[in-house]
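> Here's a structure for you.
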Amino acid sequence: MHAFDVLGDPVRRRLLELLADGEQTSGDLTAAIRGEFGISQPAVSQHLRVLRENGFARVRPEGTRRLYAVDQQGLREVDEWLERFRRFWSHHLDALATELARGKRERRLKEEDQ
């Protein structure tokens, strides 16, 4: 399965968002997804399996619990594919950074004058 096929599903994207905050138990992930999407525990398990099998998540047992975390392998594939498109937004981000720095500097100077 191609990385964007994996990420094309909103449940799997949400699971990755939850995992981006750190390692979580399958029970916590299931509870969050069931609450947001109203799907069954077996359906959540299937989505977690797809993430694992495609290099987006890893799992480790800890006693009776299963702990999930982000696996960078799948994200690297996405990053490599996006590389050719970065030129379309990188100069906009550079300009934004310049404007933010300018605003920060102006606020600091204004506070110093007061």
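The values are calculated or read from the model by the stated rules, or taken from the named source; none is laboratory data. Every value quoted in this text rests on a predicted model; they were computed, and no experiment measured them. Quick reminder, even Gly has a Cβ in these numbers, built from the backbone with ideal geometry, and neighbours come from all protein chains shown. In case anyone asks, the SASA skips ligands and DNA or RNA and just uses the protein heavy atoms, side chains included. Shrake-Rupley method; radii C 1.70, N 1.55, O 1.52, S 1.80 Å.
> Run E77 past the list (1) at pLDDT below 85; (2) among the acidic types (D, E); (3) within 19 Å of the chain's Cα centre (by Cα) and report the number of the one that doesn't hold.
It fails just one condition, (1).
> Starting from region 52-72, keep only residues that are within 13 Å of V6 (Cβ to Cβ), then list their pairs with residues that are open to solvent by 100 Å² or more (accessible area, probe 1.4 Å) whose Cβ atoms are within a distance under 7 Å, requiring at least 6 positions of separation or different chains.
From residues that are within 13 Å of V6 (Cβ to Cβ), the pairs are R52/R58; N54/M1; G55/Q73; D71/R58.
> Can you tell me which residues in region 55-96 are small (G, A, S) and over 30 Å from L15 (Cα atoms)?
Hit for region 55-96 is A95, nothing else.
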